Amino acid sequence: MNIVVCVKQVPDTATERKLRSDDKTLDRDAADGVINELCEYAVEEALRLKEAHGGEVTVLTMGPDRAADTIRKALAMGADKAVHLVDDALHGSDALGTSYALAQTLKKIGFDLVVLGSESTDARTGVLAAMLAERLGVPQLTFANKVEVNKEAIAVQRVTDYGYDRVEATLPAVVSVVEKINEPRYPSFKGIMAAKKKPVEKLGVADAGIDASQVGLANSWSEVADFATAPPRASGTIVKDEGDGGVKTADFLASKKFV
Amino acid sequence: MSEILVLVEHVEGQVKKVTLELLTLARSLGAPSAVWAGAGYSPDARAKLAEYGAEKVYVADSADIGDYVVAPKAELLARLVSEKSPAAVLVAATAEAKEIAGRLAIKIDSGVLTDVVGVQDGMVAEQPIFGGGVNVRSRVTKGTPIVAVRPNSTPIEAATGAGAEEQVSVTLSDAAKAARIVERVKEAKGARPELTEAAIVVSGGRGVGSAENFAIIEKLADSLGAAVGASRAATDVGWYPHQFQIGQTGKTVSPQLYIAAGISGAIQHRAGMQTAKTIVAINKDAEAPIFELADFGVVGDLNQVVPQLTDEVTKRK
Ligand SMILES: Cc1cc2nc3c(=O)[nH]c(=O)nc-3n(C[C@H](O)[C@H](O)[C@H](O)COP(=O)(O)OP(=O)(O)OC[C@H]3O[C@@H](n4cnc5c(N)ncnc54)[C@H](O)[C@@H]3O)c2cc1C
Ligand SMILES: Nc1ncnc2c1ncn2[C@@H]1O[C@H](COP(=O)(O)O)[C@@H](O)[C@H]1O
């Protein structure tokens, strides 16, 4: 099975994240870049499927040069090779542009299964997998907390508000995974060393068959008009419990008309 | 006035509150048309939608719309957009409706904005990003704006609309039928409201101490008619199911009231709750960062404070 796992580099949430004042895009230099956490679950799931069914795992990342670190991390976990889509023309692409660029690349490199994280910690749109399925014309099996493949057949448990839906389809397909589908492995020392020798193919817009007029900030389908740091919350009343903490909280709730 | 399509969220034939919020918001932008997709439509549902301002109600209630993942609803909306040329499409910012919005965006070649908390003149949308640290104002620049609005961001207001019903018959394409839902498994959660929709959320963290002890969190929630949430520390050890996790890798909630008991307030947890209107924290450590966000906080043992609060709330009802 030819599995492609889409991995994104995001700013570390533990550091302060900012937008750039010049073009209002994410300031990638302001914070350390790390692998998007849900993408680790995606890599792990891809590796488990490969271990069970054979085949190959390819990492696909669209992002600036520094995203190479994130690619190495996924390779160190055990992925076989990587494709790094990197081109200045891609800077500032929105979800539609990103999904277009990734879809074009996927068509070019081929796949039986595409695995994504269900959401990224910077954009948090949670729409990319659905958009890829739409663009590629393949089944959408998203928000999975369980994936089973049996030859051409694929089934997932799709997490819902009330529990889960059991969903069936045939390959090729797009899957996105939620946290707790698995426990991502830590790269071993051997894995880290091996990753340095694994092939990473760099593709530019033209190489991947991407029409440059469909990507990048200027061609996005939406724009940021302006932005501002959220005002800090007004400081509240903190009391020490002296046997009446529950009563005092109830008084507060009553003053706000919650009870 | 220009038409604004509102995708109806419904469960067991009942219109969900978030839809009434969307209709209220849509009235400030144009003439709302509700779009009902899937089984369960009834005259009562029509009446409810009209009560909150729906001028039209498009009904596509064939069962097979609900038999496949996401794609059929996107197909239905795409068709309505091309037939009716609305000024915008509003959906709730739930996981599923955002996916519908995403597929629709590609079908109609239009921009999509997610996790919006307000829309002003000129279709300028407000979005909190980075877990509420930065507020962005953005707009769609190509096509028909598709806007996914967070539950609890618009106070509902009734204002009667005509509610003229129009049946829409749909023949799904094969592409829309690629991922079939073969079974829906409902896990018991009692009569509590859904987490992302709830006006009040009561959450427990590592400080709750055990799965059994989550009962005191649930009792407080039930006394307030609230949903129950949990921190990742609590879901990781299995004290509470993962779908109730709040935060960066869990759900985002913006309720009127958020009560955090035994939760330290790590940045990844805050990312899912700091846009709550009012925050109450109960924690035995006076230095816990959650107190920086709290409008009201009690430094104390949640095993004492929470049951006492539940009793008081029950008494005062
Ligand atoms: C990439 C990443 C993603 C993450 N995503 C999420 C996420 O989505 N959601 C999330 O919640 N976390 C997430 N985390 C984890 C997060 O960093 C914290 O570890 C987690 O939120 C801590 O949960 P907690 O507050 O319940 O536990 P702790 O931080 O251990 O805090 C427990 C608190 O309970 C108090 N306490 C203990 N006993 C009592 C008592 N009897 N009475 C009153 N108070 C008491 C303690 O004083 C303490 O403040 C993520 C972390 C990473 C690295
Ligand atoms: N630039 C990118 N390169 C590769 N994969 C991406 C990129 N952006 C998003 N993804 C994938 O899409 C998922 C969801 O991202 P999002 O829709 O941005 O919340 C991520 O977990 C990744 O798997």
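The values are calculated or read from the model by the stated rules, or taken from the named source; none is laboratory data. Fair warning: this is a prediction, and the values are worked out from it, not measured in the lab. FYI the Cβ positions are ideal-geometry reconstructions off the backbone, even for glycines, and counts take in every protein chain you see. Surface accessibility is based on the protein's heavy atoms, side chains included, excluding ligands, DNA and RNA. Shrake-Rupley method; radii C 1.70, N 1.55, O 1.52, S 1.80 Å.
Just to be sure, is A:E201 touching a residue at least 40 places away in the same chain (Cβ under 8 Å), loosely packed, with under 15 Cβ neighbours inside 10 Å and assigned to a strand (DSSP E or B)? Considered against the rule, which asks whether it is touching a residue at least 40 places away in the same chain (Cβ under 8 Å), loosely packed, with under 15 Cβ neighbours inside 10 Å and assigned to a strand (DSSP E or B), A:E201 comes out as yes. Condition check: out of contact with any Lys or Arg (no Cβ under 7 Å at 6 or more places or on another chain), within 9 Å of chain A (Cβ to nearest Cβ) and open to solvent by less than 40 Å² (accessible area, probe 1.4 Å). Does B:V168 satisfy that? Answer is no for this residue. Among the residues of segment B:108-148, those identified as over 28 Å from B:A71 (Cβ atoms), assigned to a helix (DSSP H, G or I) and more than 7 Å from every other protein chain (Cβ to nearest Cβ) are B:D121, B:G122, B:G131. Residues of segment B:291-313 that are near ligand 1 (Cβ under 9 Å from one of its atoms) and over 18 Å from A:L253 (Cα atoms): B:D301, B:N303.
In segment A:13-30, which residue that is more than 10 Å from chain B (Cβ to nearest Cβ) and in contact with an Asp or Glu (Cβ under 8 Å, 6 or more places away or on another chain) is modelled with the lowest pLDDT? Let's see the steps before the verdict.
Residues of segment A:13-30 that are more than 10 Å from chain B (Cβ to nearest Cβ), as a first pass: A:20-23, A:25, A:27-30.
Keeping just the survivors that are in contact with an Asp or Glu (Cβ under 8 Å, 6 or more places away or on another chain) gives A:20, A:30.
Values: A:R20: 84, A:A30: 73.
Among those residues, the one meeting the criterion is A:A30.
For segment A:152-185, a residue qualifies if it is closer than 19 Å to A:E44 by Cα and either free of Cβ contacts under 8 Å to residues at least 12 places away in the same chain or not in a loop (DSSP other than H, G, I, E, B) (or both), and the qualifying residues are A:I154, A:A155, A:V156, A:Q157, A:R158, A:V159, A:A173, A:V174, A:V175, A:S176, A:V177. With within 20 Å of the chain's Cα centre (by Cα) and either more than 9 Å from every other protein chain (Cβ to nearest Cβ) or charged (D, E, K, R) (or both) as the only criterion, which of A:T125, A:T105, A:T121 stands out? The conditions single out A:T105.
Answer yes or no as to whether A:V177 is within 16 Å of ligand 2 (Cβ to nearest atom), among the hydrophobic types (A, V, I, L, M, F, W, C) and surrounded by fewer than 24 Cβ atoms within 10 Å (Cβ to Cβ).
Details: within 16 Å of ligand 2 (Cβ to nearest atom): yes; among the hydrophobic types (A, V, I, L, M, F, W, C): yes; surrounded by fewer than 24 Cβ atoms within 10 Å (Cβ to Cβ): no.
Judged against the criteria, A:V177 is not a match.
With respect to the conditions (1) within 16 Å of ligand 1 (Cβ to nearest atom); (2) surrounded by fewer than 18 Cβ atoms within 10 Å (Cβ to Cβ); (3) under 21 Å from A:S220 (Cβ atoms), A:A14 lacks only one, and its number is (3). Within segment B:209-218, the presence of a residue that is out of contact with any helix residue (DSSP H, G or I) (no Cβ under 6 Å at 6 or more places or on another chain), of a type outside the set (D, E) and facing another protein chain (nearest Cβ under 10 Å) is excluded. The set of residues from segment B:288-313 being buried (at least 24 other Cβ atoms within 10 Å of the Cβ), free of Cβ contacts under 8 Å to residues at least 60 places away in the same chain and touching a Ser or Thr at 6+ places or on another chain (Cβ under 8 Å) comprises B:I290, B:G297, B:V298, B:V305. Taking the conditions (1) within 30 Å of A:D112 (Cα to Cα); (2) within 7 Å of chain B (Cβ to nearest Cβ) in turn, A:Q157 satisfies each one other than (2).
Please enumerate the residues belonging to segment A:91-129 that are among the charged types (D, E, K, R) and part of a helix (DSSP H, G or I). Spell out how you get there, then give the answer.
Just the residues of segment A:91-129 that are among the charged types (D, E, K, R), to begin with: A:94, A:107-108, A:112, A:119, A:122, A:124.
Selection gives A:K107, A:K108.
Please count how many residues of segment B:185-207 are surrounded by 14 or more Cβ atoms within 10 Å (Cβ to Cβ) and not in a helix (DSSP H, G or I).
Total satisfying the criteria: 15.
Residues in segment B:261-287 that are more than 7 Å from chain A (Cβ to nearest Cβ) and open to solvent by less than 10 Å² (accessible area, probe 1.4 Å): B:A261, B:I263, B:G265, B:G272, B:M273, B:A276, B:I279, B:A281, B:I282. Being touching a Lys or Arg at 6+ places or on another chain (Cβ under 8 Å), hydrophobic (A, V, I, L, M, F, W, C) and not in a loop (DSSP other than H, G, I, E, B) is true of B:V91. Being farther than 21 Å from B:T252 by Cα and small (G, A, S) is the filter; apply it to segment B:208-233 and report the residue that is least open to solvent (accessible area, probe 1.4 Å). Checked segment B:208-233; the qualifying residue least open to solvent (accessible area, probe 1.4 Å) is B:S223.
In segment B:201-224, the residues that are more than 19 Å from B:G247 (Cα to Cα) reach residues that are of a type in the set (S, T, N, Q) and more than 10 Å from ligand 1 (Cβ to nearest atom) with C-beta atoms within less than 7 angstrom, at least six apart or across chains, in these pairs: B:K219/B:T310; B:L220/B:T310; B:S223/B:T310; B:S223/B:T314.
Does segment A:110-135 hold any residues that are more than 11 Å from ligand 2 (Cβ to nearest atom) and either surrounded by 20 or more Cβ atoms within 10 Å (Cβ to Cβ) or without any contact (Cβ under 8 Å) to a residue 24 or more places away in the chain (or both), and which are they?
Going residue by residue through segment A:110-135, those that are more than 11 Å from ligand 2 (Cβ to nearest atom) are A:110-113, A:133-135.
Listed by number, the residues that qualify are A:F111, A:L113, A:A133, A:E134.
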